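Peer 1: Pasting in a structure now, in structure tokens, and then I'll have a few things to ask.
The values are calculated or read from the model by the stated rules, or taken from the named source; none is laboratory data. Source: prediction; values computed, not measured. FYI the Cβ positions are ideal-geometry reconstructions off the backbone, even for glycines, and counts take in every protein chain you see.
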Amino acid sequence: MFNAMTPAQLTAVLSGTLRESADWARPLDGFQRGQLKSAGSIGRHLAAELAGGPAVAARFRADLRALLCEPRPAPATTRPAAGTSPAGAVSAAVDTVVATAADTVLGAAAEAVVAAIDGDPSGDVAALGAPIGDLLAACRAAGPDGAALAADVRSLLRDLVDAEIDLLSRPTETRPAAPPASPTGGTR
């Protein structure tokens, strides 16, 4: 997911700790026991993430892409409508320019996120961190017009975190699955 270390890096840390522990004097001191418990935790979480993480990441990426590609309502203006007075016409023109600029910035930021999704076939969610951050910054800069989009993106991020916590809280099967039964009902 959004983890700082790749599965390969976690496996290397786990492997190094386990290899090193073979040479530790017995009985183990508190720090060494803690290191082995941490290694066990790394292994358990890594197994859970490898087992269920790709499906969670794919769902998040698809939901985020769909959100950013769906048409959004036009920004609202807060000034008087054009034609109500010369000042009102100028105000409406300024609002249109400001709204167009906000749409352009939001659109560019959203396009960058979609490009990051489309440009990474590995499905790495961590690679989306910077583009999503830029999108949320553009939403803040757009004011009320970006608030709804920001809320929707934050909702998807919340769902992603909840899914990862759920994934990591479930035990992962450590024994290999039984071989499939043959068509006659026996085993091979």
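So that you can scan it fast, the table gives a plain yes or no per residue for (1) without any contact (Cβ under 8 Å) to a residue 40 or more places away in the chain; (2) exposed (fewer than 13 other Cβ atoms within 10 Å of the Cβ); (3) not basic (Lys, Arg):
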| residue | (1), (2), (3) |
| --- | --- |
| 6 | yes, yes, yes |
| 13 | yes, no, yes |
| 16 | yes, yes, yes |
| 24 | yes, no, yes |
| 30 | yes, yes, yes |
| 59 | no, no, no |
| 62 | yes, yes, yes |
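Peer 1: Kindly evaluate residue 186 against the criterion of being at pLDDT below 95, crowded, with 16+ Cβ neighbours inside 10 Å and of a type outside the set (Phe, Trp, Tyr). Please lay out each step first, then the result.
Peer 2: On the way: at pLDDT below 95: yes; crowded, with 16+ Cβ neighbours inside 10 Å: no; of a type outside the set (Phe, Trp, Tyr): yes.
The answer is no for residue 186.
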